[in-house]
1. Every residue in the range 292-311 that is polar (S, T, N, Q), under 16 Å from E466 (Cβ atoms) and either free of Cβ contacts under 8 Å to residues at least 24 places away in the same chain or crowded, with 18+ Cβ neighbours inside 10 Å (or both), please.
2. Every residue in the range 430-446 that is out of contact with any helix residue (DSSP H, G or I) (no Cβ under 9 Å at 6 or more places or on another chain), surrounded by fewer than 21 Cβ atoms within 10 Å (Cβ to Cβ), touching a residue at least 60 places away in the same chain (Cβ under 8 Å) and assigned to a helix (DSSP H, G or I), please.
3. Determine whether Q390 is touching a strand residue (DSSP E or B) at 6+ places or on another chain (Cβ under 9 Å) and more than 30 Å from F281 (Cα to Cα).
4. Looking at G156, G170 in this structure, which one is in contact (Cβ under 8 Å) with a residue 12 or more places away in the chain and under 22 Å from N386 (Cβ atoms)?
5. Is there a residue in the range 159-172 that is of a type outside the set (A, V, I, L, M, F, W, C), crowded, with 23+ Cβ neighbours inside 10 Å and more than 20 Å from Y191 (Cα to Cα)?
6. Which of the residues that make up the range 168-195 are out of contact with any Asp or Glu (no Cβ under 7 Å at 6 or more places or on another chain) and farther than 22 Å from R96 by Cα?
7. Quick check on my filter: what residues within the range 241-273 are more than 24 Å from K473 (Cβ to Cβ) and in a helix (DSSP H, G or I)?
8. Do you know which residues across the range 285-325 are among the small types (G, A, S) and in contact with a Ser or Thr (Cβ under 7 Å, 6 or more places away or on another chain)?
Amino acid sequence: MNNYRKISYWMFLGLTVLVRGALAQEAKPLKKIDPNGGPKSLNPSKSNPKESKYQVPLPGKEGAAIQNQSPLTVVLPERPTEIVQGDIRTLKVSPRQVQKQAISPGADESGQQIYVRIAAGSEKYEWMDWAAKKWAAANKNRINGKEISIIIEKAGSIKSANFIRDGNRGQPYTVWSPASSLFRKFVEDAYSGNVFETDQALVLSPLVFATFSDSREGIQTQFRNKDDSPKPMSMSLISEVYARELTRGPQVNENHDAFKFAMTNPLNSNSGTMGLLLMAFEFFGATNPNYRQISLQDVNDTDFQKFVGVFKAVLDTSETSTGNLGNKLASRLRVLDSALIYENMAIQAIRKLERMGTDHQLVLNYPGMNMVTDHPYYVLKQNTSNEQRQAATMFMEFLQAKEQQLEAMQSYGFRPVSEHISDKELDTYFGKFAKKNGFVSNLKTVSRIIGSQPSVMIEALMTMFEGIEFTRKQ
């Protein structure tokens with residue numbers, strides 16, 4: 001069985017936060033899931049007369065068109081013109097059949113406390129921890145006279161998805177809040193009914209290439225289009241950099257060291273799996289501008305497997321957590337030139353480097369084919385009680401309130417979803433990163449957002465990555 005399918009109760013590695021309330025408060029009706037798929041985004045534009053320039057498009061239901069195309073402004077990457085020479089051991093992938101199970105709700109707790117266990121991605125764990133403590137301090141939350149205890153656990157998106165997919169048993173979660181809705185269908189397809197009570201975004205963050213300025217300048221100088229314009233940052237361009245350096249030596253680093261690019265392991269981390277999808281959409285989108293959805297034929301394409309195999313062979317994919325990758329990027333002793341990472345983690349790295357007083361400056365570049373982490377908040381029906389679901393929904397509404405959203409932005413670099421935060425407030429925080437680090441407020445001008453993909457194809461893509469092997473010719 002593949003590593004990313006294994007489940008262990010020891011995966012719950014995060015610190016536990018117990019939150020207790022004291023006064024009675026009437027629970028509000030539960031918010032229902034969006035039947036078309038994808039979390040609802042409370043963008044700032046809803047409260048403004050004009051559409052917010054910070055509005056972030058989210059993937060809709062499976063197979064939907066890529067959103068917000070703008071052929072005049074979005075530069076899509078081409079396939080690499082320089083490639084690493086070698087041989088690929090391919091893998092023919094077949095989709096795995098999923099055995100559906102019925103949903104079994106849990107009974108209300110007989111004691112005087114309602115426990116709500118939340119599986120939270122590492123990228124927002126600290127923010128949710130802060131919010132949970134603040135929520136407890138308000139001392140206002142009870143249901144049917146029972147105190148509410150919120151237990152937040154740091155859990156990787158893929159491991160927690162597997163745990164819930166396999167029944168959410170033992171110590172069941174009440175809420176699953178992964179980094180993105182990428183694995184939503186992966187869980188949903190394992191149940192015969194609708195397993196999610198709610199489905200709303202908490203905060204937003206697109207993918208970026210975070211590259212140190214000297215390395216970015218070196219890449220722009222060395223790698224040009226036919227019209228002599230610099231090539232946009234992309235997985236294809238990263239492949240070209242490695243191809244040239246493996247034959248000619250270091251090319252882009254001012255210290256004349258080998259170029260070092262990293263992304264998280266696609267078998268263990270949401271951002272790494274997103275990186276695989278970026279590779280697919282760059283590879284097939286280069287010859288088909290209307291490319292919308294990855295197929296099994298694409299996964300088994302020999303040339304595509306070779307393209308992916310090169311990355312598997314040369315990239316640093318040792319990190320299994322995007323949070324850990326962000327820490328590596330912000331190291332005082334510079335160990336990377338560039339990384340594919342969430343925008344908010346890149347902003348945190350920028351701030352950390354500034355506090356350390358280093359001369360290292362990170363520049364953000366947005367992939368032409370991009371994905372957005374929407375940090376959904378799924379209240380689960382499987383092995384959870386009605387009281388637990390009500391309590392979980394109350395906490396979700398607290399997280400989406402303006403004060404908590406501002407904290408997510410100002411302390412952790414997230415784009416908020418609250419409709420009560422104005423562009424002026426957003427500019428106050430993000431403006432400095434736009435001037436110095438390449439932050440782009442309007443994602444529509446630089447990226448085409450990849451739509452939701454079938455869970456069987458995402459799993460097939462991961463299986464392919466695990467099974468292929470590329471051997472470079474010396």
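1. Pass one, the range 292-311, residues polar (S, T, N, Q): 293, 295, 297, 300, 302, 305.
Filter once more, keeping what is under 16 Å from E466 (Cβ atoms): 300, 305.
Selection gives Q305 alone.
2. K444, T445
3. Yes: the conditions hold for Q390.
4. Details: G156 fails: under 22 Å from N386 (Cβ atoms).
Within the list G156, G170, the selection yields G170.
5. Looking through the range 159-172, none of the residues is of a type outside the set (A, V, I, L, M, F, W, C), crowded, with 23+ Cβ neighbours inside 10 Å and more than 20 Å from Y191 (Cα to Cα).
6. Residues satisfying the conditions are R169, G170, Q171, P172, Y173, T174, V175, W176, S177, P178.
7. N270, S271, G272, T273
8. Going residue by residue through the range 285-325, those that are among the small types (G, A, S) are 285-286, 295, 309, 313, 318, 321, 323.
Within the range 285-325, S321, G323 qualify.
The values are calculated or read from the model by the stated rules, or taken from the named source; none is laboratory data. Please read these numbers as outputs of a predicted model, since none were measured by experiment. Every residue, glycine as well, gets a Cβ built from its backbone with ideal geometry; the counts of neighbours run over all protein chains shown.
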